[in-house]
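Remarks on the structure that follows.
The values are calculated or read from the model by the stated rules, or taken from the named source; none is laboratory data. These numbers were taken from a predicted model, which means no experiment stands behind them. So basically every Cβ, Gly included, is an ideal-geometry build from the backbone, and we count neighbours across all protein chains shown. All accessible areas refer to the heavy atoms of the entire protein, side chains included, with ligands and DNA or RNA removed. Shrake-Rupley method; radii C 1.70, N 1.55, O 1.52, S 1.80 Å.
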Amino acid sequence: MPTPSMEDYLERIYRLINEKGYARVADIAEGLDVHPSSVTKMIQKLDKDEYLVYEKYRGLVLTNKGKKMGKRLMDRHRLLEDFLKLIGVREENIYKDVEGIEHHLSWDSITCIEALVEYFNRDPSRVEELRRVKEALETD
């Protein structure tokens, strides 16, 4: 399994490739707020672990293993954002909160959250009831 840092890089690379068709060291560094030299070191590690193929001065390509993991990580991120929105977390807190929790949850917990989100989405009245409960707790 990749480390939390490796996950951040894979997710960012996967997202860049989906959005732009490529992922450059500079774009990865900017998106993760790290130095390009750190990106190069991590890319070399991800290459060694067969998540991507890296050729100096030519760029990188995700392997099937890297694509699968990148998609899984991006889906996890999106699910956690949806979950926090659903339970009423303020918009300005969502990104930071997702970044803070996404690496600390087991895939079992992620699956349970996914089921819970689906449960609430199947019946909008459930979401309204949850919001009423939250509001009641905030006024107590």
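Is there any pair with a first residue in the range 51-78 that is assigned to a helix (DSSP H, G or I) and a second that is surrounded by fewer than 16 Cβ atoms within 10 Å (Cβ to Cβ) whose Cβ atoms are under 7 Å apart and which are 6 or more apart or on different chains, and what are they?
Lys65/Glu50
Suppose we keep only residues that are open to solvent by 50 Å² or more (accessible area, probe 1.4 Å) and not in a loop (DSSP other than H, G, I, E, B) within the range 18-31. Which one would you say is nearest to Met74 (Cα to Cα)?
Here the answer is Asn18.
Across the range 10-27, what is the number of residues that are within 19 Å of His103 (Cα to Cα) and not basic (Lys, Arg)?
4
Does Val25 qualify as being in contact with a Ser or Thr (Cβ under 8 Å, 6 or more places away or on another chain) and either of a type outside the set (Gly, Ala, Ser) or at pLDDT below 95 (or both)?
So Val25 fits the description; yes.
Name the single residue, out of those in the range 76-96 being within 13 Å of the chain's Cα centre (by Cα) and open to solvent by 60 Å² or more (accessible area, probe 1.4 Å), that is nearest to Glu50 (Cα to Cα).
Arg78
Does Ile101 meet the test of being in contact (Cβ under 8 Å) with a residue 24 or more places away in the chain and of a type outside the set (Lys, Arg)?
Details: in contact (Cβ under 8 Å) with a residue 24 or more places away in the chain: no; of a type outside the set (Lys, Arg): yes.
Considered against the rule, which asks whether it is in contact (Cβ under 8 Å) with a residue 24 or more places away in the chain and of a type outside the set (Lys, Arg), Ile101 comes out as no.
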